[in-house]
Every structure is written in C-alpha cells, then in structure tokens.
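Report on one structure; see the data block that follows.
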Amino acid sequence: MLIHREYTNAFPTSFIIYKDKVETKNANRPHLYGQLLPDTFEPFPKNPHLAQLFSQLGRSEELGTGLRNVFKYSKAYSGSDKVLFLEEDIFIVNVPLMVDVTENVTENVTENRMKQILLLLRMNPTLSFEELSDQLKVARMTIYRDIEKLKNKNQIRRIGPDKGGYWEILTHP
C-alpha cells in the first residue's frame, strides 16, 4: 500500500478485514480507469523510487506480481475468484474470504490438539489438566473443553478421582 499510495491526495488509506472479504482503499493517480485483470493490465509504477527501495530491501517483488498472485490464489484460499482491483481516483481492492475456511481451520486445530491429548495420555495417563495445558501451551479451559469432547465421543474416561486417578483411553491409535 505504501508503494501504490498517491501522496499528494489526503484520502486516508484503509485496510479493513470483514467477515466475508478484505478491502483496501488507497489514494490513487490512475494510469487507466476501471477493473484491472491479470490478462490485460500493464504494471505502472506510481512511486518508482519507493518501489525500488522496497525491492532492494527485499520487501517487494516484480511490479504486477501482487495482482497476479491475488487472482491466482484467491480461488484456492477463499473458494471464490470474485476479486476486484478497481483503478479509479481511489484504488479499491476487494478480496473475498470464505467464512467456512476459518471455521475449518479452527476445527482442524482442535482435532489436532485432541489427538495430541490422546497421545500424551497414552504415554502418561495420570497427567492433570494443568500439565496438559503446559505441554500444549494452551489455556486450561481449552483442555477442559477438549477433554469433554473426548469423553462425549467415548474416546477417554476418568478412572478414580481428579487427584490420584488416571485416564483410560477407549480408542486405538
């Protein structure tokens, strides 16, 4: 955004993450007006000196790779290719987000953590919630919730009291 910024315009730059999209708005001095598409656009440096500085610092790539990469990877990461690069006096970029992607990532993290809990309990069935929390570097409440899920799925059960008892694993690895 710093490279593409038109610094003579006072319009404030914005980068907003919504539930279903990421939107950026930036002051612009358009070279062409309208929607930019990877097949037809020609990269045009708005701030060539700044672009060169960022390139030399290793913080930017060849001109135009950002637009091409967003179009290239949007479908894979968001499930949608409805990307908008609108070159007007205000340069607008809208990149869709798929809500389910975030939910799937959260579910996968939880599933992986529950597998780790099962593995740790197989190795040491007397581990406490606090010890599991320390080893997995998550809050104790997270361990409580995961243990409840494992109990509800009949994968583990507690034998004996919290102190002095142990976990019995009911499923095979």
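The values are calculated or read from the model by the stated rules, or taken from the named source; none is laboratory data. What you are looking at is a predicted structure, and each value in this text was computed from that prediction instead of being measured. Cβ: placed from backbone, ideal geometry, glycine included. Neighbour counts: every protein chain shown.
General remarks:
- Any chance residue 38 is within 21 Å of residue 80 (Cβ to Cβ), part of a loop (DSSP other than H, G, I, E, B) and not hydroxyl-bearing (Ser, Thr, Tyr): yes
- Filtered residues of the stretch 14-34 (kept if of a type outside the set (D, E, K, R) and loosely packed, with under 14 Cβ neighbours inside 10 Å): 14, 15, 16, 17, 18, 31, 32, 33, 34
- For the stretch 129-167, the set of residues classified as polar (S, T, N, Q) and exposed (fewer than 15 other Cβ atoms within 10 Å of the Cβ) consists of 135, 152, 154, listed by residue number.
- Residues being at pLDDT below 85, part of a helix (DSSP H, G or I) and surrounded by 13 or more Cβ atoms within 10 Å (Cβ to Cβ) - total across the stretch 68-86: 3
- Cβ pairs under 8 Å, 6+ apart, first in the stretch 69-92 and of a type in the set (S, T, N, Q), second not in a loop (DSSP other than H, G, I, E, B): 74/95; 74/96; 78/95; 78/96; 78/101; 80/74; 80/96
- When restricted to residues that are assigned to a loop (DSSP other than H, G, I, E, B) and either more than 16 Å from residue 84 (Cβ to Cβ) or touching a helix residue (DSSP H, G or I) at 6+ places or on another chain (Cβ under 6 Å) (or both), the stretch 2-35 contains 14.
- Every residue from the stretch 129-158 that is closer than 16 Å to residue 169 by Cβ, outside any helix (DSSP H, G or I) and either more than 30 Å from the chain's Cα centre (by Cα) or touching a residue at least 12 places away in the same chain (Cβ under 8 Å) (or both): 154, 155, 156, 157, 158
- Residue 91 being surrounded by 11 or more Cβ atoms within 10 Å (Cβ to Cβ), touching a His at 6+ places or on another chain (Cβ under 7 Å) and either at pLDDT 90 or above or more than 30 Å from residue 34 (Cα to Cα) (or both): yes
- Qualifying positions in the stretch 1-12 - surrounded by fewer than 16 Cβ atoms within 10 Å (Cβ to Cβ) and closer than 21 Å to residue 63 by Cα: 1, 2, 7
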